[in-house]
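Okay, structure first, notes after.
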Amino acid sequence: MKDRTKYFAYPYVLWIIIFIVFPSFLVLLYSMTTKESNGLTTIQFTLENFKKFFNPLYINILWDSIYLAAISTVICLLLGYPAAYIISKAHLSKRNTLLFLCILPMWMNMLLRTYAWMTILGNNGIINNLLSFLGLPTFNMLYTRGATVMGMVYNFLPFMILPVYTALSKMDIGILEAADDLGANKYVKFRKIILPLSMPGVISGIIMVFMPAVSTFIIPQLLGGNKNMMIGNLIEKLFILNGDWNFGSSISIIMMIIILIAMSIMNKFDVDKEGGARLW
Amino acid sequence: MDNAIIQLNNITKKFDGEIVLDDINLSVKKNEFVTLLGPSGCGKTTTLRIIGGFETPDEGEVYFDGNLINDVPPFKRQLNTVFQKYALFPHMNVFENIAFGLRINKMDEKLITNKVEKMLELFNLKNYGKRRIDQLSGGQQQRIAIARALVNEPKVLLLDEPLGALDLKLRKEMQHELKAMQKQIGITFIYVTHDQEEALTMSDTIVVMNDGIIQQMGTPIDIYNEPENAFVADFIGESNILNGVMHDDYLVEFLGKKFDCVDIGFGRGEEVDVVIRPEDLDLTPKGEGKLEGVVKSVTFKGVHYEMDIMVNDYEFLVHSTDMAPVGETVGLTLTPDDIHIMEKGD
Ligand SMILES: Nc1ncnc2c1ncn2[C@@H]1O[C@H](COP(=O)(O)OP(=O)(O)O)[C@@H](O)[C@H]1O
Ligand SMILES: [Mg+2]
């Protein structure tokens, strides 16, 4: 008998081709051709766009983006893991409310959320108003690297909490009781059982936070200002302001390669081949 | 009671208002092999979990070696558990699983290796130390769960149906192995099973439970020969349970006939359960037995025959090395010793 179920996959395959493969191919094509090629007859291949990137000016922006994204990811982990742990330990009736509260901000447009932070951090913003009201010195908080990191942490924290929570709440209570039974106090139990068993969730969380963080351009633009450019801003600028689609594409391709490498390294750490709470 | 290592006093436990354990009193001596025996859902696991500290009783006291331990958390209790669902650590290999308790006690690394290797050997898992848990069969996992608990040489080992996943041959072997180990190392075992044969062969003391109540406590021989009520008689082995009436001390009537028996202390005319073991009934030629019936079925069981014999409207189960063909009328005899009189259960 012929297996007909494979036909059900066709619309999905078509979707992938139109919206993922084809655009990616175009980006790749742009990255490898000259600006002058504007038709099949005039197409000219070159590696110039990639070479251009290896300029301290751009490399520094790349490193800086990775650095800021890494810091945001670490902060998300430090805040998100305990939050996920507390939620997973909460009474069943409270658990869903807490989870809901974590996800709630995601229902609002990211641009709006980030604008909101501008009014909080600004020179005449809520915090500084409060400080001067209390007679304390005010700070310049907006348009700093700190503001960028804060914006990223705020926006991407749920992506850390959810996979870690999933891993923690799926943990077999019997295994924890066995650790108790064998004499493990709560610190030992956490270090030797809970933490290693929640690693798949942690790794998913790291990937899910780091990826959007490293390539975001709205957050550094709104909260970081012009001085604190990230790689996403550079790409955006090249496309929109300079109209240099070829160079912009080559940077996008370099970013894609870096993210792929980072992801495969992270997955190497994932010891639980059973799946755990892996999202990738 | 001074050499009791575990003592439960008036333990009552409710789940969602439902009584699961009802006034359990139990005393376990040092180095004793005690088995909690009863049908599924009767509260065996709950009793074990209360001893292990994973459930708190609603009422009653738990004593360990004379000390009240109601409020002592599980990790501080000097006993180990073999869980019904193994609960092995999936992220550690076999060696690390077994070594877990020893490492927590900060034992010397050489000694740990030594002890774990010995356990692996004992449980026929010699070259399995490096294996991942999910690469093992259910039977192997179960043995590792036992090894992981036993390696700590606790004063008391709690075992919750530890041989449930093994096939018959391996189960028999492990029963023997566990019993020998228990005697040799000198550990108190509190063992849970719903398999009466396992309980009879392994235990020093059997505690028969039903519906959260202890039905009877005693040596395997006592329990088998002197069941205190029809539930125990029926659960411990196949039994014929008939309605009877006590006429006097030493005299009971059932199936319309009066029989001499060895029981006293019942009221005159009191209705009772009469329990007769299948192997206690002897076949005689027609007309020579006190009871007479027709053979309904015969099955050869290797050593004996198993027969259903219809007497009036009661179908007797008879185990005998003699045999009569289906349809034949035979007589049945029994001695006063073979008749066990019990108060009617509700
Ligand atoms: N955590 C629990 N919550 C509610 N009911 C429970 C819980 N644990 C056990 N029970 C109930 O208590 C009774 C006894 O269970 P258990 O001790 O596991 O029986 P056994 O081990 O003899 O099969 C069962 O009716 C079971 O459904
Ligand atoms: Mg059970």
Do we have residue B:225 as in the same structural domain as residue B:339 (by TED's automatic domain parsing) and open to solvent by 10 Å² or more (accessible area, probe 1.4 Å) here?
no
Does any residue of region A:129-146 turn out to be part of a helix (DSSP H, G or I) and either within 27 Å of residue A:100 (Cα to Cα) or within 14 Å of chain B (Cβ to nearest Cβ) (or both)?
no
Filtering region B:1-17 down to residues that are open to solvent by 60 Å² or more (accessible area, probe 1.4 Å) and more than 16 Å from ligand 2 (Cβ to nearest atom) yields B:1, B:2, B:3, B:10, B:14, B:16, B:17
Within region A:110-128, residues in a helix (DSSP H, G or I), free of Cβ contacts under 8 Å to residues at least 24 places away in the same chain and open to solvent by 10 Å² or more (accessible area, probe 1.4 Å) come out as A:112, A:116, A:119, A:120, A:126, A:127
Residue B:208 fails exactly one of the following numbered conditions: (1) buried (at least 21 other Cβ atoms within 10 Å of the Cβ); (2) in the same structural domain as residue B:315 (by TED's automatic domain parsing). What is the number of that condition?
(2)
Read through the list (1) more than 16 Å from ligand 2 (Cβ to nearest atom); (2) assigned to a strand (DSSP E or B), then give the number of the only condition that residue B:81 fails.
(1)
Give me a count of the residues in region B:162-179 that are more than 14 Å from every other protein chain (Cβ to nearest Cβ) and within 16 Å of ligand 1 (Cβ to nearest atom).
3
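Matching residues to (1) modelled with pLDDT of 95 or more; (2) more than 16 Å from ligand 1 (Cβ to nearest atom); (3) buried (at least 17 other Cβ atoms within 10 Å of the Cβ):
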{"site": "B:23", "(1), (2), (3)": "yes, no, no"}
{"site": "B:36", "(1), (2), (3)": "yes, no, yes"}
{"site": "B:46", "(1), (2), (3)": "yes, no, yes"}
{"site": "B:51", "(1), (2), (3)": "yes, no, yes"}
{"site": "B:58", "(1), (2), (3)": "yes, no, no"}
{"site": "B:62", "(1), (2), (3)": "yes, no, yes"}
{"site": "B:73", "(1), (2), (3)": "yes, yes, no"}
{"site": "B:86", "(1), (2), (3)": "no, no, yes"}
Tell me which residues, restricted to region B:180-212, are away from ligand 1 (no atom under 16 Å from the Cβ) and within 14 Å of another protein chain (Cβ to nearest Cβ).
none
Return the pair list, or none, for Cβ contacts closer than 9 Å from residues in region B:42-62 that are free of Cβ contacts under 8 Å to residues at least 24 places away in the same chain to residues that are within 12 Å of ligand 1 (Cβ to nearest atom) and part of a loop (DSSP other than H, G, I, E, B), at least 6 apart or on different chains.
B:49/B:55
When restricted to B:126, B:110, the only residue away from chain A (no Cβ under 11 Å) and at pLDDT below 95 is B:126
Give just the number: which of (1) surrounded by fewer than 14 Cβ atoms within 10 Å (Cβ to Cβ); (2) touching a residue at least 40 places away in the same chain (Cβ under 8 Å); (3) under 26 Å from the mean Cα position of the chain (by Cα) does residue B:280 not satisfy?
(1)
Filter region B:8-21 down to the residues that are under 25 Å from residue B:196 (Cβ atoms), more than 10 Å from ligand 1 (Cβ to nearest atom) and out of contact with any helix residue (DSSP H, G or I) (no Cβ under 7 Å at 6 or more places or on another chain) and list them by number.
B:8
Can you tell me which of B:44, B:106, B:76, B:110 is assigned by TED's automatic domain parsing to the domain that holds residue B:141 and within 13 Å of ligand 2 (Cβ to nearest atom)?
B:44
Determine, yes or no, whether residue A:171 is surrounded by fewer than 22 Cβ atoms within 10 Å (Cβ to Cβ), out of contact with any Gly (no Cβ under 7 Å at 6 or more places or on another chain) and more than 14 Å from every other protein chain (Cβ to nearest Cβ).
no
Within region B:85-101, the residues that are among the hydrophobic types (A, V, I, L, M, F, W, C) and within 9 Å of chain A (Cβ to nearest Cβ) are B:87, B:88, B:89, B:92, B:100
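The values are calculated or read from the model by the stated rules, or taken from the named source; none is laboratory data. Source: prediction; values computed, not measured. Here the Cβ is made from the backbone with ideal geometry for all residues, glycine too, and neighbour counts use every protein chain on show. Accessible surface is based on the protein model in full, side chains and every heavy atom, while ligands, DNA and RNA are left aside. Shrake-Rupley method; radii C 1.70, N 1.55, O 1.52, S 1.80 Å.
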